[in-house]
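Asks: Handing you this structure, nothing more for now.
The values are calculated or read from the model by the stated rules, or taken from the named source; none is laboratory data. Computed from a prediction, not measured in an experiment: that's the story for all the values here. Quick reminder, even Gly has a Cβ in these numbers, built from the backbone with ideal geometry, and neighbours come from all protein chains shown. The protein model used for the area step is the full one, side chains on, heavy atoms only, and it has no ligands, DNA or RNA in it. Shrake-Rupley method; radii C 1.70, N 1.55, O 1.52, S 1.80 Å.
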Amino acid sequence: MSTDVDKRIEIHVGDITAVVCDAIVNAANAALRPGGGVCGAIHRAAGPELAEACAEIGGCPTGEARHTAAFRLPARLVIHTVGPVWQGGDSHEHSLLASCYRGSLKIAAEQGARSIAFPAISTGVYGFPLVAATRVAVDSVRRILAEEPRLERVIFCVFGEEARRVYEAELDRGGPG
Ligand code: AR6
């Protein structure tokens, strides 16, 4: 499964706000307010209309996703998903993180997005260990791509060379079959 699917997966190092694709994913907070990290960067680049659109939605539970327009970003859509805060690993963090990836990809497919860029959700302020989070990200994306032909390109947009190496190692490891 993973060989064909992996042809649709890319790693990009840099700022997600500059990635040209149909949808970019925001590692949001449950209030959908502009925060720091990648969320702050996305809100700054999109302009104040993004915070207004998020305020209209009103919030999003952990593990779920919502979407808005992308305003001044090159993307067409922003998909806001709320990753889990790391609490040691026994508080459903892995399944909640997998649910973020699944929910975001479901919205992308429903909205006709053929390409989507993800940051490393939960691995900054929320403290999810990068290697474990990368395994969840790659596994979840591979599973969905195998059953969702409308999604042509998934970009893992990471910050820095260390994260790139972690993603490359996980993709090299191969999938569940
Ligand atoms: N482009 C791509 N990746 C980035 C960028 C960027 N411009 N900036 C940071 N990263 P974080 P979280 C990476 O903290 O852990 C916010 O305040 C960063 O290196 O942005 O899900 C929200 O409002 C890290 O690997 O998200 C929430 O309150 C990854 O993005 C909270 O933080 C995620 O780091 C969410 O925390």
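Asks: Among rounded, prolate and oblate, which fits the range 5-173 when a ≥ b ≥ c are the square roots of the eigenvalues of its C-alpha gyration tensor, a/c under 1.5 means rounded, and a/b larger than b/c means prolate?
Replies: Because its axes are fairly even, with a/c under 1.5, the range 5-173 counts as rounded.
Asks: Under the 0.36 nm per residue contour assumption, what length would be gained going from the current alpha-carbon distance of H92 and A51 to full extension?
Replies: Length gained, H92 through A51: 11.9 nm.
Asks: Can you pull the one-decimal nm distance between simple spin-label points at E168 and A69, each 7 Å off the Cα toward Cβ?
Replies: A separation of 4.0 nm, rounded to one decimal place.
Asks: In addition: With both bridge residues required to lie in the chain, what share of the DSSP beta bridges run antiparallel, to the nearest 5%?
Replies: Roughly 25 percent of the beta bridges in the chain run antiparallel, per DSSP.
Asks: Next up: Between V82, V13, V136, find the one with the highest GNM mean-square fluctuation for the chain; connect C-alpha pairs within less than 10 Å.
Replies: V13
Asks: Under a Cβ-Cβ cut-off of 10 Å, what is the net charge of the residues other than F71 that fall near it, where Lys and Arg count +1 and Asp and Glu count -1?
Replies: For residues surrounding F71, the net value is -1.
Asks: Compute, for the chain, the length of the dipole vector about the Cα centre, with Cβ point charges of +1 (Lys, Arg) and -1 (Asp, Glu) only. Units Debye, rounded to 20.
Replies: That gives a dipole near 200 debye.
Asks: Defining a contact as two alpha carbons under 8 Å apart and six or more residues distant in sequence, what relative contact order in percent does the range 48-177 show?
Replies: Relative contact order for the range 48-177 comes out at 21 percent.
Asks: If a/c stays under 1.5 just call it rounded; otherwise compare a/b with b/c (prolate if a/b is bigger, oblate if not). Do that for the range 1-99, with a ≥ b ≥ c from the square roots of the Cα gyration tensor eigenvalues.
Replies: The shape class here is oblate.
Asks: Additional query: Tell me the carbon and sulfur percent of the accessible area for the range 5-173, rounded to whole percent, probe radius 1.4 Å.
Replies: 51 percent
Asks: Among the trypsin sites (Lys or Arg not before Pro) in the range 1-98, which ones are in a DSSP loop with at most 11 other Cβ atoms within 10 Å of the Cβ? Mind listing them?
Replies: Taking the range 1-98 and a limit of 11 other Cβ atoms within 10 Å, the loop trypsin sites (Lys or Arg not before Pro) found are K7.
Asks: Over 10 Å intervals from 0, what percent of Cα-Cα pairs in the range 123-177 sits in each interval?
Replies: Per 10 Å bin, starting at 0, the Cα pair percentages come out as 21, 53, 24, 2.
Asks: Then there is this: Can you tally the net charge around D172? Count Lys and Arg as +1, Asp and Glu as -1, for every other residue whose Cβ sits under 15 Å from the Cβ of D172.
Replies: Neighbour charge sum, excluding D172 itself: +1.
Asks: For the chain, what does the helix formula give at 222 nm: sum of -39500 (n - 2.57) over DSSP H segments with n ≥ 4, over the residue count, nearest 500 deg cm²/dmol?
Replies: For the chain, the value works out to -12500 deg cm²/dmol.
Asks: Over the chain, with the other protein chains present, what is the accessible area per residue in square angstrom, probe 1.4 angstrom?
Replies: The answer is 46 Å² per residue.
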